[in-house]
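Participant: Handing you a structure now.
A short reminder: the numbers here are calculations on the coordinates, not readings from a lab. Nothing here was measured: the structure is a model prediction, and the numbers come from that model. In this analysis, Cβ positions are derived from the backbone assuming ideal geometry, glycine residues included, and neighbour counts consider all displayed protein chains.
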Amino acid sequence: MPHPLPALIVVDVQRAFDEWEAAGQRRNNPDAAARIVDLLAAFRASGAPIFHIRHEGTKPNSTFRPERTGYAVKDEAREQGGEPVIVKRVNSAFIGTDLETRLRASNIATLVICGATTNHCVETTTRMAGNLGFDAQLVRDATWTFDRVGPDGETHSAENIHTMTLSNLNREFARIVTAGEVIASLAALRQ
């Protein structure tokens, strides 16, 4: 029987992104971390499973290398006792990890995905979750990204990248939801 509760997948809420921002990189969704805190509180209160994904950089100059300050998880999103931490080295939480094995062993069918960044590790993890047959829900107000320069030299805003990523994933790979909707549905399951 499928697990009655969804699992929260918290992707890469690490200090490296704060360091990028401090260095002048512009991002969207400034309240995303607060929404992640809300989700963590709701999942903990309902006893629903939580999986923390942490990126470990492999390139010499990566801000995500374990010995660098950016590797640490932001204080407000840190795991609590018993919540598993899964370390990945690529942009999907399913590649080179035991995440899928753990989810299947617990008969978890629904994944609520949040974290950073919308168009990299969150998107890749969400696409794979959908392809692997999970009911994936991507929390639009609990993820964020940064401005990027495209191959043509044109700067694309974080807001446009975020919106396009959500549009690409919508209904094909995942349902796009808000933190409020997820929290309300969790509360309804507990009644």
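Participant: Along the Cα-to-C-beta direction of HIS156, a point sits 7 Å from the Cα; which residues of the range 90-120 have their amide N less than 20 Å from that point?
Facilitator: Answer for this model: 91-92, 115-120.
Participant: Once the Cα gyration tensor of the range 132-191 is found, what semi-axes does its equivalent ellipsoid get, as square roots of 5 times the eigenvalues, in whole Å, sorted largest first?
Facilitator: Rounded to whole Å, the semi-axes are 30, 13, 7.
Participant: Which of these, ALA34, ALA72, ALA16, has the largest mean-square fluctuation under a Gaussian network model of the chain (Cα springs below 10 Å)?
Facilitator: ALA34
Participant: Okay, which of the range 108-148 sit inside 17 Å, backbone N to the point 7 Å along the Cα-Cβ direction of ASP31?
Facilitator: Once the point is set 7 Å along Cα→Cβ of ASP31, 115, 139-145 turn out to lie under 17 Å by backbone N, inside the range 108-148.
Participant: Show log10 I(q)/I(0) for the chain at q = 0.08, 0.18 Å⁻¹, two decimals, from a solvent-free Debye sum over equal Cα scatterers.
Facilitator: So the normalised log intensities work out to -0.24, -1.27.
Participant: Out of GLY150, GLY96, GLY115, any idea which swings most in a Gaussian network model of the chain, alpha carbons joined below 10 Å?
Facilitator: Result: GLY150 has the largest fluctuation of those listed.
Participant: If you don't mind, another one. How much of the DSSP bridge set in the range 3-119 is antiparallel, in percent, rounded to the nearest 5?
Facilitator: 5
Participant: Add +1 for every Lys or Arg and -1 for every Asp or Glu among the other residues with Cβ under 13 Å from the Cβ of THR143, and state the total.
Facilitator: -2
Participant: Quick one: if you stick a label point 7 Å off each Cα along the C-beta vector at GLU21 and GLN80, how many nm between them?
Facilitator: 2.4
Participant: Name the long-range amide H neighbours of ARG54: under 5 Å, sequence gap of 5 or more, or other chain; modelled H, no Pro or chain starts.
Facilitator: Distant-sequence amide H within range of ARG54: ASP12, ILE86, VAL87, LYS88.
Participant: No solvent, one uniform scatterer per C-alpha: report log10 I(q)/I(0) for the range 99-161 via the Debye equation at q = 0.20, 0.29 1/Å, two decimals.
Facilitator: Treating every Cα as an identical point scatterer, log10 I(q)/I(0) equals -0.78, -1.20.
Participant: Per-residue HN-Hα couplings for the range 153-162, Karplus 6.51 cos²θ - 1.76 cosθ + 1.60 at θ = phi - 60°, whole Hz, x for Gly and Pro?
Facilitator: 3J(HN,Hα) across the range 153-162, in whole Hz: x, 7, 7, 10, 6, 4, 4, 5, 5, 4.
Participant: Same structure again: List the longest stretch of the chain that has no exposed loop site; here a site is one of the GluC sites (Glu not before Pro) assigned by DSSP to anything other than H, G, I, E or B, with at most 12 other Cβ within 10 Å.
Facilitator: Longest gap between qualifying sites, sites excluded: 68-153.
Participant: Please report how far the C-alpha centroid of the range 21-51 lies from that of the range 121-178, rounded to the nearest whole angstrom.
Facilitator: That distance is 16 Å.
Participant: Sticking with this one: Would you calculate, for the chain, the mean residue ellipticity at 222 nm contributed by helices, counting each DSSP H stretch of 4 or more residues as -39,500 (n - 2.57) and dividing by all residues, to the nearest 500?
Facilitator: -10000 deg cm²/dmol
Participant: Given 0.36 nm per residue, what is the gain on full extension from HIS3 to SER185 after removing their alpha carbon distance, in nm?
Facilitator: My answer for the length gained is 64.0 nm.
Participant: Dipole of the range 133-191 (Lys/Arg Cβ +1, Asp/Glu Cβ -1, origin at the Cα centre): which of ASN170, LEU189, ALA142 lies farthest to the positive side?
Facilitator: LEU189
Participant: For the chain, calculate the relative contact order in percent as a whole number, restricting contacts to Cα pairs under 8 Å that are 6 or more residues apart.
Facilitator: 27
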